Amino acid sequence: MAMLEVNNLSISFGGLHAVDDFNLTIEKGELYGLIGPNGAGKTTVFNLLTGVYKPSEGIIRLDGVDITGKSTMDINKAGVARTFQNIRLFKDMPVLDNVKTGFHNHYKYSTLTGILRLPKYRRVENSIDERSMEILKVFELDSEADLLAGNLPYGKQRKLEIARALATEPKLLLLDEPAAGMNPNETAELMETIRFVRDRFDMTILLIEHDMKLVSGICEKLTVLNFGRMLSMGTTSDVLNDPAVIAAYLGE
Amino acid sequence: MRDMGNNTELVKRMRRKTLRGNLLNYVIVLGAYAILQTMVMTGNISSLLKGLLVPLCVYVIAALSLNLVVGISGELSLGHAGFMCVGAYSSAFFSNAVGTALPDILRFILAIFVGAAVAGLFGILIGIPVLRLKGDYLAIVTLAFGEIIKNLLNVLYAGIDSNGLHFSTKSAMDLGMEPTGRQIIKGALGISGTPKNSTFTVGIILILITLMVVQNLINSRAGRAIMSTRDNRIAAESIGIPVTKYKLLAFSISASLAGCAGVLYAHNLATLNTKKFDYNTSILILVFVVLGGIGNLTGSIIAAVILTALPEMLRFLNNYRMLIYAIVLIVIMLFNWAPAALDMRSRLRSRIFKNRGSGNGKEEEQNGNA
């Protein structure tokens, strides 16, 4: 069964069909790319998948479960985590606490237990700390765990966002332009990290990206969006050589 | 790359840092208590300052509770005096209704719970519709709440007789009580004859409990969830945090702590009326929080003490009193928020502690922008 199955997904804002009859199937463990010119509707697709917008038509299934029209919170609980095009960290909280917040629905104790510092508090907090540091270590952020997230350099903020998303233990990870604003060295490093995340956490990843080097370097399959409609899909090399795609990007 | 040993070391260091900050607040409160209580015992205290001790505790608790809303959950409440009012009236009503049926201590403890519970309930009632909205609606609604509750209690009459409780919003006659019944809430005259159970010691204990609740909440799963909704609502939703639930949690806990402050206030006065719980008091509490540093509990305590005591201490200046008060406000403001002052403070700190000192100024600046 496919990890993500999207059928006939559509949304309009007024008369504008931002996404129209969009279909997507991603198998477990795949590294999938969603590309297209500016304004093609890529981020809108992400917002539909994560429940920020409710689709006017279509069905979204995650691992066989229908998640169409559910709230962002419930979709995350069902197993979809994301990062944002413009970084959205908890800036005034330490790096460690950003990741710990991600474990919110996996390590629980009541508010009263927290206020009264019952024995369970220390036990659960210890586990959260340990798991969080493990994830931070994967992204080589462990030595900066005590800094405020807003004080991290840009590239590390992007990594921390991925770390926080992974803390929610998702089945599907959505990355919205993870390489935006990065220099070539940082991008190369990021590609390694994404590949490593897929292998280490056995993750299914869907990413939006403009950087063709990154896309052709790590994505196994691609879907190309243009004006809210699917222009092309298939294996990366096929899609990138598709005359229609080249025309959409470079003009005829 | 570091090994696991260093990792746990770092986590431990962070915990120690938090613990130090938390303990500092307890130490400040207990230190102030030791000094002032010694002064009271040895008789070295002016009657003016002695009369201020309980109100100081009231405002410290109010400031700490408001900081939970403004600093930790990132919402604005302009009606915290309203929650104090609800706590004060409900507890004073309880104490008068029970009378001598219960021993003093037990009755007062129950009165504190009554005040906190009723204020917390109002917090939930207001929070449920308002905290679902994005934006500054909470400020507008709490502002209205503070005024409504004041006017409502101004026309409320209540009494007790052998048939139970009687309420009316018209006049004492409309209560329809037996001749032996006792009238407790007398409209605009308020409640008189509340037992004076509030002492400085009780006030300090309540401050310590408030500190414990707020500090332990901040450093828990719920606290992280609350702060995440403050820092970035969309990101919080995306990692599965129920935003409204945690904003409501912070707001209702804050309301119920403000209710505790009200209980302390009510049991310190012979006559309780609504005059003191107006808009100005809500703003005053907000001034404590802003001047003490939004999200900074130590700052709230210090600002509440200084700004409550100062106008009284300056009485000898007569006409110049409020002028000096205003200047002090401006000076504190500059000391807390001006970039040059922040710079100077971080330089001083790095000279004293020598580690990670340069980063602190920046952190504070960012907290301020939040």
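From the list A:Ala163, A:Ala149, which one is closer than 17 Å to A:Leu207 by Cβ, outside the structural domain of A:Val197 (by TED's automatic domain parsing) and open to solvent by less than 10 Å² (accessible area, probe 1.4 Å)? Even if it seems obvious, please write down each step before you answer.
Details: A:Ala149 fails: closer than 17 Å to A:Leu207 by Cβ.
On inspection, the qualifying residue turns out to be A:Ala163.
Scan segment B:145-189 residue by residue and report those that are open to solvent by less than 50 Å² (accessible area, probe 1.4 Å), over 31 Å from the mean Cα position of the chain (by Cα) and under 30 Å from B:Asn280 (Cβ atoms).
The answer is B:Ser171, B:Ala172.
Just to check your reading of the model, which residue among A:Thr72, A:Thr50 is at the interface with another protein chain (Cβ under 7 Å from one of its Cβ atoms), touching a strand residue (DSSP E or B) at 6+ places or on another chain (Cβ under 6 Å) and at negative phi? Before you say what the answer is, go through the steps one by one.
Details: A:Thr72 fails: touching a strand residue (DSSP E or B) at 6+ places or on another chain (Cβ under 6 Å).
Unique residue meeting the criteria: A:Thr50.
Could you check, for segment A:190-212, whether at least one of its residues is open to solvent by less than 40 Å² (accessible area, probe 1.4 Å), of a type in the set (Ser, Thr, Tyr), more than 30 Å from A:Val138 (Cβ to Cβ) and assigned to a strand (DSSP E or B)?
no
Return the total of residues in segment B:239-269 being open to solvent by 10 Å² or more (accessible area, probe 1.4 Å) and within 13 Å of chain A (Cβ to nearest Cβ).
Summing the residues that are open to solvent by 10 Å² or more (accessible area, probe 1.4 Å) and within 13 Å of chain A (Cβ to nearest Cβ) in segment B:239-269 gives 9.
Name the single residue that is most open to solvent (accessible area, probe 1.4 Å) among those in segment B:10-64 being closer than 17 Å to B:Thr308 by Cβ and touching an Asp or Glu at 6+ places or on another chain (Cβ under 7 Å).
Looking at residues that are closer than 17 Å to B:Thr308 by Cβ and touching an Asp or Glu at 6+ places or on another chain (Cβ under 7 Å), I get B:Leu48.
Which residues, taken from segment B:191-219, are open to solvent by less than 20 Å² (accessible area, probe 1.4 Å), hydrophobic (A, V, I, L, M, F, W, C) and within 8 Å of chain A (Cβ to nearest Cβ)?
Answer for segment B:191-219, where residues must be open to solvent by less than 20 Å² (accessible area, probe 1.4 Å), hydrophobic (A, V, I, L, M, F, W, C) and within 8 Å of chain A (Cβ to nearest Cβ): just B:Leu217.
Select from segment B:77-95 the residues that are out of contact with any Leu (no Cβ under 6 Å at 6 or more places or on another chain) and open to solvent by 20 Å² or more (accessible area, probe 1.4 Å) and write down the one among them that is nearest to B:Asn216 (Cα to Cα).
This residue is B:Ser90.
State all residues of segment B:220-236 that are surrounded by fewer than 24 Cβ atoms within 10 Å (Cβ to Cβ), without any contact (Cβ under 8 Å) to a residue 60 or more places away in the chain and either more than 7 Å from chain A (Cβ to nearest Cβ) or in a loop (DSSP other than H, G, I, E, B) (or both); if no residue qualifies, say none.
B:Ser220, B:Asn232
Which residue pairs have Cβ atoms under 9 Å apart, sit 6 or more places apart or on different chains, and have a first residue in segment B:306-322 that is under 22 Å from B:Ala32 (Cβ atoms) and a second that is of a type in the set (S, T, N, Q) and buried (at least 16 other Cβ atoms within 10 Å of the Cβ)?
Pairs that qualify, where the first residue is under 22 Å from B:Ala32 (Cβ atoms) and the partner is of a type in the set (S, T, N, Q) and buried (at least 16 other Cβ atoms within 10 Å of the Cβ): there are none.
Does B:Ser300 satisfy being assigned to a helix (DSSP H, G or I), open to solvent by less than 30 Å² (accessible area, probe 1.4 Å) and touching a His at 6+ places or on another chain (Cβ under 8 Å)? Give the steps one after another, and end with the answer.
Values: assigned to a helix (DSSP H, G or I): yes; open to solvent by less than 30 Å² (accessible area, probe 1.4 Å): yes; touching a His at 6+ places or on another chain (Cβ under 8 Å): no.
In short, no.
Return only the number of the condition from (1) farther than 15 Å from A:Asp97 by Cβ; (2) open to solvent by 30 Å² or more (accessible area, probe 1.4 Å); (3) of a type in the set (D, E, K, R) that A:Glu177 does not satisfy.
(2)
Name the strands (runs of 3 or more DSSP E) wholly inside segment A:14-122 in which the number of residues that are in the same structural domain as A:Lys221 (by TED's automatic domain parsing) and open to solvent by 10 Å² or more (accessible area, probe 1.4 Å) is 3 or more. Quick ask: steps written out before the conclusion?
Values: elements: A:16-26, A:31-35, A:57-62, A:80-82.
In segment A:14-122, the matching strands (runs of 3 or more DSSP E) lie at A:16-26, A:57-62.
From the set of residues in segment B:270-289 that are β-branched (Val, Ile, Thr) and farther than 26 Å from B:Ile109 by Cα, which is nearest to the other protein chains (Cβ to nearest Cβ)? Give the steps one after another, and end with the answer.
Going residue by residue through segment B:270-289, those that are β-branched (Val, Ile, Thr) are B:271, B:274, B:281, B:283, B:285, B:287, B:289.
Within this subset, residues satisfying the condition of being farther than 26 Å from B:Ile109 by Cα are B:283, B:287, B:289.
Working: B:Ile283: 25, B:Val287: 22, B:Val289: 16 Å.
Selected residue: B:Val289.
The values are calculated or read from the model by the stated rules, or taken from the named source; none is laboratory data. Quantities reported herein were computed from a predicted structural model and do not represent experimental measurements. Methodologically, a virtual Cβ is constructed for each residue, glycine included, from the backbone with ideal geometry; neighbour enumeration extends over all protein chains shown. Note: accessible area is taken over every heavy atom of the protein model, side chains too, but ligands, DNA and RNA are not part of it. Shrake-Rupley method; radii C 1.70, N 1.55, O 1.52, S 1.80 Å.
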